[in-house]
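S.K.: Input: one structure, supplied below.
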Amino acid sequence: MKEDLLHNLEIINQRIKNACEKAGRNADEVKLLLATKTVSAERIKLALENSETLIAENKVQELKEKYEDLKDIPHENHFIGHLQTNKIKDILKYDVRCIQSLDRLDLAEKLHQRLAMEGKTMDVLIQVNTSDEESKFGIHPDFAIDLVKKVSEFDTLKIKGLMTIGLFSAETEKVRTCFKILKNLQQEIIQQNIPNVEMKELSMGMSGDLETAIEEGSTIVRVGTAVFGARIYPDSYYWNENSKNL
Ligand SMILES: *Cc1c(COP(=O)(O)O)cnc(C)c1O
């Protein structure tokens with residue numbers, strides 16, 4: 001088990017390196033984020049002890065369950081799931097550095113209120129639905145810039161970039177279109193020079209499409225399956241609008 005995990009990590013890091021080389025980019029421009037939903041704290045620990053540093057959960061409940069076991073190992077925690085406003089209080093307890101899935105104004109407003117109350121700030125990425133699938137969270141690309149502007153007015157929220165989940169398709173060019181949409185939005189936002197907005201990070205690319213994402217400018221690839229193996233729950237459990245209350 002341990003050997004498999006370390007071997008998988010080696011392969012993924014090599015894939016990232018190769019993709020960067022092919023795209024003429026430096027390998028240190030792309031961070032590997034481990035998507036750890038359904039993975040035990042014990043196995044996450046193995047990865048962290050093997051010099052990985054960036055992990056992310058989709059559910060506050062899992063963050064909470066693994067927190068004690070992981071808190072003494074140096075690492076950075078992001079959140080990549082659908083965040084319900086009634087979980088804001090909880091998520092702020094667990095040293096989450098960045099919420100990558102900010103996709104609506106009411107969530108931003110409530111996050112800001114709570115952060116202000118606690119005297120904290122939070123890094124955020126704006127999640128954009130670039131694949132036009134209703135089953136996925138994220139703001140529609142047409143409204144993304146407007147959301148960025150509005151969120152930028154909350155001084156506790158530090159916008160660092162954009163996040164998207166590419167289309168699930170074997171057709172690389174269709175997947176690429178999603179990543180291009182995100183990159184184009186990033187460029188438009190940079191041009192608008194909005195105060196309190198940084199646009200360095202593009203979180204895009206997963207186990208199946210990270211090479212394409214890196215070619216299109218990804219700075220964070222989020223990988224689960226290729227490192228930890230297949231999950232028992234389908235992704236719709238985490239992504240689908242209808243299952244958000246589970
Ligand atoms: C699970 C998940 C990933 C990782 O997906 P894999 O295909 O297992 O690599 C990336 N991003 C988000 C938002 C996820 O929920």
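S.K.: Which of LYS37/LYS158; LYS89/LYS180; LYS66/LYS110 have a Cα-Cα distance over 28 Å?
M.R.: Violating the 28 Å Cα-Cα cut-off are LYS89/LYS180.
S.K.: What 222 nm value per residue comes from the helices of the chain, counting each DSSP H run with n ≥ 4 as -39,500 (n - 2.57) and dividing by all residues, nearest 500 deg cm²/dmol?
M.R.: So the helix-based figure for the chain works out to -13000 deg cm²/dmol.
S.K.: Suppose the chain between ILE190 and ALA27 were pulled fully straight at 0.36 nm per residue; how much longer would it get relative to their current alpha carbon spacing?
M.R.: Contour length minus Cα-Cα distance gives 56.4 nm.
S.K.: Rounded, prolate or oblate: which fits the stretch 2-239 when a ≥ b ≥ c are the square roots of the eigenvalues of the alpha-carbon gyration tensor, with rounded for a/c under 1.5 and prolate only if a/b beats b/c?
M.R.: In terms of gyration-tensor shape, oblate.
S.K.: Of MET117, GLY161, LEU210, which is farthest along the charge dipole of the chain in the positive direction, counting Lys and Arg as +1 and Asp and Glu as -1 at C-beta?
M.R.: The residue sitting farthest along the positive end of the dipole is MET117.
S.K.: Let me ask something else about it. Quick check for me: using +1 on Lys/Arg Cβ and -1 on Asp/Glu Cβ, what's the dipole size of the stretch 2-239 about its Cα centre, in debye to the nearest 20?
M.R.: In debye, rounded to 20, the stretch 2-239 gives about 300.
S.K.: Go ahead and run the numbers for FRET between LEU92 and ASP146, Cβ-Cβ distance against an R0 of 22 Å, rounding to 0.05.
M.R.: Taking R0 as 22 Å, the efficiency between LEU92 and ASP146 is 0.25.
S.K.: Right, next: Sort HIS140, HIS75 so that the residue with the fewest other Cβ atoms within 10 Å of its own Cβ comes first and the one with the most comes last.
M.R.: HIS140, HIS75
S.K.: Now for a different question. Would you mind counting up the charge near ARG114? Only other residues with Cβ under 12 Å from its Cβ, with Lys and Arg at +1 and Asp and Glu at -1.
M.R.: +2
S.K.: FRET efficiency for THR172 and ARG231, Cβ-Cβ distance as r, R0 = 22 Å, nearest 0.05?
M.R.: 0.40
S.K.: Also, I was wondering about something else. Below 11 angstrom from the Cβ of MET199, what's the summed charge of the other residues (Lys, Arg +1; Asp, Glu -1)?
M.R.: That sum, taken over residues with Cβ under 11 Å, equals 0.
S.K.: Among all the aspartates and glutamates, which ones have a C-alpha under 15 Å from LYS22's C-alpha, if same-chain residues fewer than 8 places away are not counted?
M.R.: Partners within reach: ASP209, GLU211, GLU215, GLU216.
Computed from the coordinates by the stated procedures, all read-outs in this text should not be read as laboratory data. Because the structure is predicted, anything quoted here is derived from the model rather than measured. Cβ: placed from backbone, ideal geometry, glycine included. Neighbour counts: every protein chain shown.
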